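Working notes, beginning with the structure itself.
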């Protein structure tokens, strides 16, 4: 009996020592610090998990997944993780390297022959590794997928041909989501399966990530799901709709929980293994732990000079955090923010998921946890944030004052508002329409509607409309600057969508109007122009113009009596009654000519 007691005491000592070695921090103190960060950032809710080697040593939810119904968050609550998804996409290529003979130094065109870039240098020299490390010389061009989403990946990638670079290959790091779309498509070509199928089969199933999913429809059809929120005026949380990122999914469509993401961390902390199953090749893990491209100057914050060598690798930002090597990646999509971090040499992993749009909380919580778990000098991250937010408020206030002072008073648009209406197109982005409604202009994008407020001259400021309410708080930071052609018509609008490039120009096509066949028949006939006979006739319900020696032209109605001449930029035809005579007025870049109906 005494022997058994001694044995039990010994086993209890061993187990207690093991648990202590796994979790060498004060859990209650950590709870208190994380709650303080939640309060200072005014975050509705978040979840966190900490992994040590192959064990979850801390997992918890804070606040609410649904503020209105006061539903509490826990470690199983699903959040959108945004760009923290990227490491999954590159990891698929790591598997393809072992199984399909892919090389990261290959040209992406080897697998996607139809992929075309803006210039010859990109087409001939860019590699998969360049796309992974954001060093292609392309800026983000994010409005291309955000304002103009489509479901077909190949069609979305085709827009890259019209995306202008701002520098040469490998000269500067610059984030680009389209290059991760391309990586997802490469795995589709190699496996004859969709990126989504590959993610489920290669990661979700073997990692027991049974509740994790890959689109908003799946998210809405499950339980314990967080709503997304935006903090308005630094004071009030407002629920916002889920954003379906559609075809750009390989860059950031995963929805998951802190608990299930902890299994993903275990893979990275254990040479690619999970429960003795080799999920990722060990060679890939060893390679993917390394940086590829320096980000910025290397020191992100002068207040923390020991956080240096900031670089980017295989969908991980790499740096030194207070002397400890760290990999991490954030994620942001409407209503949600995330951060996933690894300390490979310390065998520590951290995941933070929150339901606040563009939130500082994941970074603050990650850092606070790192200080505790790694037993580092403690930074007061709450005060750090308060100082940062005060500076941000001041800068935003100054920006609004500058915006107000930059308005040139007593100016008006050069045309009547109806003349700005029409369809606007850029091949690297897509189409949107501007419509006149109740004496105001509205821009209609694929899933967004904006009110265009006149600033001065032909410049308008866009404000997003959500739930039929005008959002005057969110600042898109862009203007609609309308241009005219040689005829004086509104021909395009310029949008400053990329800070590193000139304005993106969207060309205007006037909106077609419906004209009855009875009215069109009035215009049919022969017209004399300086001895030349012009013919106006109907063909398949379209009004046509025939000029001797030229092809037939289709006349596209933009007003009851005014038509664009299809195929001839800057040419119009207008029918005018002069006393009892019907005239055909041809408006051209080289002049205006009048033909009289016979």
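Length gained on full extension, residue 457 to residue 546: 28.1 nm, using 0.36 nm per residue less the C-alpha separation.
Note on the range 417-509: Cα-Cα pairs beyond 17 Å make up 48% of the total pair count.
Taking the C-alpha atoms only, the angle from helix 86-99 to the longest principal axis of the chain is near 80 degrees. With respect to the chain, whose longest principal axis is taken over its alpha-carbon atoms, helix 178-191 is tilted by about 80°. Normalise the Debye intensity by I(0) for the range 319-358, one equal point scatterer per Cα, no solvent, then take log10 at q = 0.31 Å⁻¹ and round to two decimals. After summing over all Cα pairs, the log10 values are -0.94. Consider a paramagnetic label point 7 Å from the Cα of residue 594 along Cα→Cβ; state which residues of the range 498-534 have an amide N under 16 Å from it. Residues 527-531 qualify, since their backbone N sits under 16 Å from the label point. For the range 151-177, the residues whose amide N sits under 15 Å from a probe point set 7 Å from the Cα of residue 123 along the beta carbon direction are 158-165. FRET efficiency for residue 36 and residue 324, Cβ-Cβ distance as r, R0 = 35 Å, nearest 0.05? The computed FRET efficiency comes out at 0.90.
Rg then Dmax, both in Å and based on the Cα atoms of the chain: 29.8, 125. Fully extending the segment from residue 234 to residue 294, taken as 0.36 nm per residue of separation minus the present Cα-Cα distance, adds 18.3 nm. Given R₀ = 30 Å, FRET efficiency for residue 435-residue 388 by Cβ-Cβ distance, to 0.05? Efficiency computed from Cβ-Cβ geometry: 0.15.
First check a/c for the range 406-446, with a ≥ b ≥ c the square roots of the eigenvalues of its C-alpha gyration tensor; if it is under 1.5, answer rounded, and if not, answer prolate when a/b is larger than b/c or oblate otherwise. Judged from the Cα gyration tensor, the range 406-446 comes out prolate (a/c at least 1.5, a/b above b/c). All alpha carbon pair distances within the range 517-597 were sorted into 10 Å bins beginning at 0; the resulting P(r) in whole percents reads 18, 60, 22, 1. Classified by the C-alpha gyration tensor, the range 168-263 has an oblate form. Its axis ratio a/c, with a ≥ b ≥ c, is 1.5 or above, and a/b does not exceed b/c. Based on C-alpha pairs under 8 angstrom that are at least 6 apart in sequence, the chain has a relative contact order of 12 percent.
Shape class of the range 189-334 from the Cα gyration tensor (axes a ≥ b ≥ c, square roots of the eigenvalues): oblate, since a/c reaches 1.5 or more and a/b does not exceed b/c. Axis of helix 2-22 versus longest Cα principal axis of the chain: the two differ by about 30°, to the nearest ten degrees.
Which of 134, 454 comes first, and how do the rest follow, when ranked by fewest Cβ neighbours within 10 Å? Numbers along the way, then the final one.
Values: 134 22, 454 17.
Ranking 134, 454 by Cβ neighbours within 10 Å, fewest first, gives 454, 134.
Calculated mean residue ellipticity at 222 nm for the chain: -8000 deg cm²/dmol, from DSSP H runs with n ≥ 4 weighted as -39500 (n - 2.57), summed, divided by the residue count and rounded to 500. If R0 is 60 Å, the Cβ-Cβ spacing of residue 411 and residue 528 corresponds to a FRET efficiency of close to 0.85. Full extension of the chain segment joining residue 304 with residue 401 gains 31.7 nm, where the gain is 0.36 nm per residue of separation less the Cα-Cα distance.
Computed from the coordinates by the stated procedures, all read-outs in this text should not be read as laboratory data. All values derive from a computational prediction rather than experimental measurement. We place every Cβ from the backbone using ideal geometry, glycine too, and count neighbours over all the protein chains shown.
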